[in-house]
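Novice: I am attaching a structure below and will ask some questions about it afterwards.
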Amino acid sequence: MLDLARQPLVRVDGLKMHFPIYSGVFRSHTGDVKAVDGVSFDIAQGETLGLVGESGCGKSTVGRALLRLYEPTAGRVIIDGEDVAHLSAEKLRQKRPTMQMVFQDPQASLNPRMTLAGIIGEPLDEHTRLSRAEKTARIYELMDQVGLNRRFANRYPHEFSGGQRQRIGIARALALNPKFIVCDEPIAALDVSIQAQVVNLLEDLQDRLGLTYLFISHDLSMVRHLADRVAVMYLGRIAELSPAKDLYARPLHPYAEALLSAVNEPDPVIAARRKRIILKGDVPSPANPPTGCNFCTRCPQVFELCRQVKPELSEVEPGRFVACHLYDNNKAARSTGGPEATERNQQGAST
Amino acid sequence: MPDGAQPVLQVRGLKTVFRTRAGEVHAVNDVSFHLRRGELLGVVGESGSGKSVTMMSLLRLLPAPPAEIRSGEVLLDGRDLLKISDAELREVRGGKVGFVFQDPMTSLNPVFTVGMQITEALRRHMGLDKAAAETRAVDLLELVGIPDARKRLGAYPHQFSGGMRQRVMIAIALSCDPDVLIADEPTTALDVTIQAQILELVKELRRKLGMAIIWITHDLGVIAGIADRVMVMYGGQVVEQAPVRELFANPQHPYTRALLQTIPKISGEREARLKVIEGQPPMLAAVPAACAFRDRCEFRHDRCDRENPLRRPVDGKTLGQGHDVACHWQAPAAARPQEVAHA
């Protein structure tokens, strides 16, 4: 996948998504929940970008704003050459087939009163002029692609298990030959043994159809498995954006480091050896984020500058972007082995 | 941990059945296990494997009907919890045995303050007066790491974050110095960083208080980090049981082996493709006459269709004391640690 000088298929520039808060008797506008507050990244054709973070960090909002399921407050979202954030309603409708979404909860995202064929065929009714026979053929083709038996075409969602329902959701997303799919926690509601089935299916489809994914998840080990590059979000901003291999081997941002250290390795020998960084406290409210760096209230390596100036996301090593003042001096490549390692041990001891 | 210590809890031949209009569902089939003092027993399985129903059955927490505990005994310090009166059982629940449920939002009462919910158990089980109960409640909240504990007693559940609510739940479960703490997926609804906080807390509390814990989860990563011994459940039965390191290094049951391979690792070599367990977990409409896993098993042979395998020791120790598995298939002994390391 690393061949051909890749043109980014998706380019997000300064995306902001603020939800207004109205309060008081007159419902006056008293503030904003800054769910996404200035996020920029791009995704190359055929690439999988993982988007991780804790609940409430704004990762799902990014996914929805990207497809303009929300009206973004500011910023540009260029998908396949057009700025989706500023398209007119009709242009946007014509654009929809290129970009699709697979939702988290297959129970809630499938209409219980529609048959499987109806659900998968609905986008075809809306966007194409296929004859009845062509449509049926296309529905069967899609069902084959996601591994659903054709005999099930006239059944209803409740007759399927969670994993199968997620396959229906994927088939629906594929119906119009999209280029870009936002997968919003597609496996979070599934059992462990079923998760692997769906992940493998997503990988197969990507290989076969050349799809580009934004894979939103809180499951860091699954993201490691799937993603080429990973963006770590915290409180509406990207803390670190790095190739998956580098991020997991050596996270640069203190938050990325803490987040990864909190993941449970399914191996008791490694688990006994590992030092966790336990973050104190909870995530601050996105309606009232701290001044300076968003992470300054919980950061184990915080210093004075962090409480005053918001760090910008900048390239500190080739291909690795970090928003942290610790890296202000090394916009070029520089290892951070020594001092950080001792810092980490102190953290482990103090908890 | 404390090997050979007296079991504080002993369960034998437990069977729980749900009677529904569509027929019976055999959720728990002949489950036996024990829990030693100070030990942490991990219980792993998918949804529908019977792990939660088993633990709820121990304290008769399931609504009856439709649930019916058909047979078995649950000995807590030699007393059979399935035979004692409701009044005696109420003393045990929240007294000797604490329970932490999965969802801290639905298991706390939203219209009472946290302080009232903690002191309720203290006054009822330990006979403390209001002032003494409040003092102890403050101690408990401090123990589970809630800052500014005295003020927080007057707060309502919605004023706490998810992680803090789960701490409150743990504080309530710990309030009467239980011998046994049953935790049903207590960290599943939480973010990894908060989950890490809770896991560290549990480890620390165990060191301080020395109680025995049953930890139900589907997350093998959590189990690897905290358990002493693991019991794998499938189709309402215990299919494998072993000390934690032994289980991860030398899994015997095809289900356990597959489960360990379906989850991607966070370090080491990235796997090209995830192993898949095809098919769905079974619905148990009758007492299984064959192996419950056979439809999804890659080592299935004709004996699996004919008879439901019984648990047999793998390492020559008495059943339940070492490593045992319920499977007709013999895992090759040669492919041991290396295979797991690279899986």
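The values are calculated or read from the model by the stated rules, or taken from the named source; none is laboratory data. In this text the structure is predicted, and so the values were computed from the model without any measurement. We place every Cβ from the backbone using ideal geometry, glycine too, and count neighbours over all the protein chains shown.
Novice: Confirm whether B:Glu68 is surrounded by fewer than 18 Cβ atoms within 10 Å (Cβ to Cβ) and at pLDDT 90 or above.
Specialist: Working: surrounded by fewer than 18 Cβ atoms within 10 Å (Cβ to Cβ): yes; at pLDDT 90 or above: no.
So B:Glu68 does not fit the description; no.
Novice: Quick check on the range B:253-283: of everything there that is in a loop (DSSP other than H, G, I, E, B) and of a type in the set (Gly, Ala, Ser), which residue is nearest to the other protein chains (Cβ to nearest Cβ)? Can you show your working first?
Specialist: Here is the first cut: in the range B:253-283, the ones in a loop (DSSP other than H, G, I, E, B) are B:253, B:263-283.
Applying the additional criterion that residues be of a type in the set (Gly, Ala, Ser) yields B:267-268, B:272, B:279.
On the way: B:Ser267: 7, B:Gly268: 9, B:Ala272: 10, B:Gly279: 9 Å.
Residue satisfying both the conditions and the ranking: B:Ser267.
Novice: Which of the residues spanning the range A:106-135 are under 25 Å from A:Leu190 (Cα atoms) and not in a helix (DSSP H, G or I)?
Specialist: Within the range A:106-135, A:Pro106, A:Gln107, A:Ala108, A:Ser109, A:Leu110, A:Asn111, A:Pro112, A:Arg113, A:Met114, A:Thr115 qualify.
Novice: Does A:Met222 meet the test of being assigned to a helix (DSSP H, G or I), under 20 Å from A:Gln100 (Cα atoms) and not acidic (Asp, Glu)?
Specialist: Numbers: assigned to a helix (DSSP H, G or I): yes; under 20 Å from A:Gln100 (Cα atoms): no; not acidic (Asp, Glu): yes.
Taking the combined requirement at face value, the residue does not satisfy it.
Novice: Identify, please: which residue in the range B:284-319 is touching a strand residue (DSSP E or B) at 6+ places or on another chain (Cβ under 7 Å) and within 14 Å of another protein chain (Cβ to nearest Cβ) and is, among those, surrounded by the most Cβ atoms within 10 Å (Cβ to Cβ)?
Specialist: The first filter runs over the range B:284-319 and keeps only residues touching a strand residue (DSSP E or B) at 6+ places or on another chain (Cβ under 7 Å), leaving B:284-288, B:292-293, B:311-314, B:319.
After this cut, where a residue has to be within 14 Å of another protein chain (Cβ to nearest Cβ) as well, the list is B:292-293.
Numbers: B:Ala292: 24, B:Phe293: 26.
Only one residue tops the list, namely B:Phe293.
Novice: Out of the residues in the range A:250-270 meeting the condition of being hydrophobic (A, V, I, L, M, F, W, C), assigned to a helix (DSSP H, G or I) and buried (at least 21 other Cβ atoms within 10 Å of the Cβ), tell me which one is farthest from the other protein chains (Cβ to nearest Cβ).
Specialist: Narrowing the range A:250-270 to residues hydrophobic (A, V, I, L, M, F, W, C): A:252, A:256, A:258-260, A:262-263, A:269-270.
Subsequent filtering for residues that are assigned to a helix (DSSP H, G or I) retains A:256, A:258-260, A:269-270.
Still in the running and buried (at least 21 other Cβ atoms within 10 Å of the Cβ): A:256, A:258-260.
On the way: A:Ala256: 11, A:Ala258: 6, A:Leu259: 6, A:Leu260: 7 Å.
In this case the residue turns out to be A:Ala256.
Novice: Looking at (1) within 25 Å of B:Ile214 (Cβ to Cβ); (2) free of Cβ contacts under 8 Å to residues at least 60 places away in the same chain; (3) not in a loop (DSSP other than H, G, I, E, B); (4) not acidic (Asp, Glu), find the lone condition where B:Gly145 falls short.
Specialist: Only one criterion is unmet by B:Gly145, namely (3).
Novice: Going by what's in this entry, would B:Ala242 be described as part of a strand (DSSP E or B), buried (at least 19 other Cβ atoms within 10 Å of the Cβ) and within 12 Å of chain A (Cβ to nearest Cβ)?
Specialist: Values: part of a strand (DSSP E or B): yes; buried (at least 19 other Cβ atoms within 10 Å of the Cβ): yes; within 12 Å of chain A (Cβ to nearest Cβ): yes.
Taking the combined requirement at face value, the residue satisfies it.
Novice: Could you check the range B:17-51 and list, in sequence order, the residues that are hydroxyl-bearing (Ser, Thr, Tyr) and surrounded by fewer than 23 Cβ atoms within 10 Å (Cβ to Cβ)? Break it down into steps so the answer makes sense when it comes.
Specialist: Of all residues in the range B:17-51, those hydroxyl-bearing (Ser, Thr, Tyr) come to B:20, B:32, B:47, B:49.
Listed by number, the residues that qualify are B:Thr20, B:Ser32, B:Ser47.
Novice: Ok, one more. The conditions are (1) touching a strand residue (DSSP E or B) at 6+ places or on another chain (Cβ under 8 Å); (2) in a helix (DSSP H, G or I); (3) modelled with pLDDT under 85; (4) of a type in the set (D, E, K, R), and A:Lys331 fails exactly one of them. Which is it?
Specialist: Checking A:Lys331 against (1) touching a strand residue (DSSP E or B) at 6+ places or on another chain (Cβ under 8 Å); (2) in a helix (DSSP H, G or I); (3) modelled with pLDDT under 85; (4) of a type in the set (D, E, K, R), the one that fails is (2).
Novice: Could you please find all residues in the range B:117-135 being in a helix (DSSP H, G or I), closer than 16 Å to B:Cys176 by Cβ and not small (Gly, Ala, Ser)? Spell out the reasoning first.
Specialist: Here is the first cut: in the range B:117-135, the ones in a helix (DSSP H, G or I) are B:117-126, B:130-135.
From what's left, closer than 16 Å to B:Cys176 by Cβ: B:117-126, B:132-135.
B:Gln117, B:Ile118, B:Thr119, B:Glu120, B:Leu122, B:Arg123, B:Arg124, B:His125, B:Met126, B:Glu134, B:Thr135, listed by residue number.
Novice: Across the range A:117-135, what is the number of residues that are out of contact with any Leu (no Cβ under 7 Å at 6 or more places or on another chain) and within 29 Å of A:Ile194 (Cβ to Cβ)?
Specialist: The initial filter retains those residues of the range A:117-135 that are out of contact with any Leu (no Cβ under 7 Å at 6 or more places or on another chain), namely A:117-118, A:121-122, A:125-126, A:128-129, A:131-134.
Filter again for within 29 Å of A:Ile194 (Cβ to Cβ), leaving A:117-118, A:121-122.
Total satisfying the criteria: 4.
Novice: Name the pairs: first residue in the range B:174-189 and of a type in the set (D, E, K, R), second residue not in a loop (DSSP other than H, G, I, E, B), Cβ to Cβ under 7 Å, at least 6 apart or on different chains?
Specialist: Final answer for the pair search is B:Asp179/B:Val8; B:Asp179/B:Ala212; B:Asp184/B:Ser52; B:Asp184/B:Met55; B:Asp184/B:Val100; B:Asp184/B:Ile216; B:Glu185/B:Ile216; B:Glu185/B:Thr217.
Novice: Let me ask another. Please pick out the residue among A:Gln195, A:Gln206 that is over 21 Å from A:Arg11 (Cβ atoms) and within 14 Å of another protein chain (Cβ to nearest Cβ). Walk me through it before giving the result.
Specialist: Details: A:Gln206 fails: over 21 Å from A:Arg11 (Cβ atoms).
The conditions single out A:Gln195.
Novice: So in the range A:47-65, with the set limited to residues that are more than 14 Å from every other protein chain (Cβ to nearest Cβ) and touching a helix residue (DSSP H, G or I) at 6+ places or on another chain (Cβ under 9 Å), which one is surrounded by the fewest Cβ atoms within 10 Å (Cβ to Cβ)? Steps first, answer last, please.
Specialist: Just the residues of the range A:47-65 that are more than 14 Å from every other protein chain (Cβ to nearest Cβ), to begin with: A:47, A:49, A:51, A:61-65.
Of the ones still in play, those that are also touching a helix residue (DSSP H, G or I) at 6+ places or on another chain (Cβ under 9 Å) are A:51, A:65.
On the way: A:Leu51: 28, A:Ala65: 25.
Among those that are more than 14 Å from every other protein chain (Cβ to nearest Cβ) and touching a helix residue (DSSP H, G or I) at 6+ places or on another chain (Cβ under 9 Å), it is A:Ala65.
Novice: Are any of the residues in the range A:225-236 without any contact (Cβ under 8 Å) to a residue 60 or more places away in the chain and under 19 Å from the mean Cα position of the chain (by Cα)? Walk me through how you get there before you give the answer.
Specialist: We begin by selecting, within the range A:225-236, every residue without any contact (Cβ under 8 Å) to a residue 60 or more places away in the chain; these are A:225.
From what's left, under 19 Å from the mean Cα position of the chain (by Cα): A:225.
Within the range A:225-236 (the criterion being without any contact (Cβ under 8 Å) to a residue 60 or more places away in the chain and under 19 Å from the mean Cα position of the chain (by Cα)), the answer is yes, since at least one residue qualifies.
Novice: Might you check whether a residue that is away from chain A (no Cβ under 14 Å) and either over 23 Å from B:Gly45 (Cα atoms) or not in a helix (DSSP H, G or I) (or both) occurs anywhere in the range B:225-233? Step through it out loud before you land on a result.
Specialist: Taking the range B:225-233 and keeping what is away from chain A (no Cβ under 14 Å), we get B:231.
Imposing the further condition that a residue be either over 23 Å from B:Gly45 (Cα atoms) or not in a helix (DSSP H, G or I) (or both) reduces the set to B:231.
For the range B:225-233, residues away from chain A (no Cβ under 14 Å) and either over 23 Å from B:Gly45 (Cα atoms) or not in a helix (DSSP H, G or I) (or both): present.
Novice: Pick out the one residue from A:Ala74, A:Ala133 that is free of Cβ contacts under 8 Å to residues at least 60 places away in the same chain and of a type outside the set (Val, Ile, Thr).
Specialist: Numbers: A:Ala74 fails: free of Cβ contacts under 8 Å to residues at least 60 places away in the same chain.
The unique qualifying residue is A:Ala133.
Novice: Turning to a different aspect of this structure: Which one is surrounded by the fewest Cβ atoms within 10 Å (Cβ to Cβ), of the residues in the range A:139-193 that are among the β-branched types (Val, Ile, Thr) and either in contact (Cβ under 8 Å) with a residue 40 or more places away in the chain or in contact with an Asp or Glu (Cβ under 8 Å, 6 or more places away or on another chain) (or both)? Break it down into steps so the answer makes sense when it comes.
Specialist: Narrowing the range A:139-193 to residues among the β-branched types (Val, Ile, Thr): A:139, A:146, A:168, A:170, A:181-182, A:187, A:192.
Now narrow it down to the ones that are either in contact (Cβ under 8 Å) with a residue 40 or more places away in the chain or in contact with an Asp or Glu (Cβ under 8 Å, 6 or more places away or on another chain) (or both): A:146, A:168, A:170, A:181-182, A:187, A:192.
Details: A:Val146: 22, A:Ile168: 23, A:Ile170: 25, A:Ile181: 24, A:Val182: 26, A:Ile187: 25, A:Val192: 19.
Within the range A:139-193, the match that is surrounded by the fewest Cβ atoms within 10 Å (Cβ to Cβ) is A:Val192.
Novice: Name the residues in the range A:21-58 that are touching a residue at least 40 places away in the same chain (Cβ under 8 Å) and among the polar types (S, T, N, Q), would you? Lay out the reasoning, then the answer.
Specialist: Applying the first criterion (touching a residue at least 40 places away in the same chain (Cβ under 8 Å)) to the range A:21-58 yields A:21, A:31-41, A:43-58.
Across the range A:21-58, the qualifying residues are A:Ser40, A:Gln45, A:Thr48, A:Ser55.
Novice: Within the range A:239-249, restricting attention to residues that are more than 11 Å from chain B (Cβ to nearest Cβ) and surrounded by fewer than 24 Cβ atoms within 10 Å (Cβ to Cβ), which residue is farthest from A:Gly14 (Cα to Cα)?
Specialist: Only one residue fits best here, namely A:Asp246.
Novice: Before we move on, is B:Leu89 over 13 Å from the mean Cα position of the chain (by Cα) and under 13 Å from B:Val11 (Cα atoms)?
Specialist: Numbers: over 13 Å from the mean Cα position of the chain (by Cα): yes; under 13 Å from B:Val11 (Cα atoms): no.
When the stated conditions are applied, B:Leu89 does not pass them.
Novice: Considering only the range A:274-291, state which residues are within 11 Å of chain B (Cβ to nearest Cβ) and either among the basic types (Lys, Arg) or assigned to a helix (DSSP H, G or I) (or both).
Specialist: Selection gives A:Arg274, A:Arg276, A:Lys280.
Novice: How many residues are in contact with a strand residue (DSSP E or B) (Cβ under 8 Å, 6 or more places away or on another chain) and either surrounded by 20 or more Cβ atoms within 10 Å (Cβ to Cβ) or within 14 Å of chain A (Cβ to nearest Cβ) (or both) if we restrict to the range B:180-206?
Specialist: Looking only at the range B:180-206, we keep the residues that are in contact with a strand residue (DSSP E or B) (Cβ under 8 Å, 6 or more places away or on another chain), and these are B:180-188, B:202, B:206.
If we keep only those that are either surrounded by 20 or more Cβ atoms within 10 Å (Cβ to Cβ) or within 14 Å of chain A (Cβ to nearest Cβ) (or both) too, we end up with B:180-188, B:202.
Adding up the residues that qualify gives 10.
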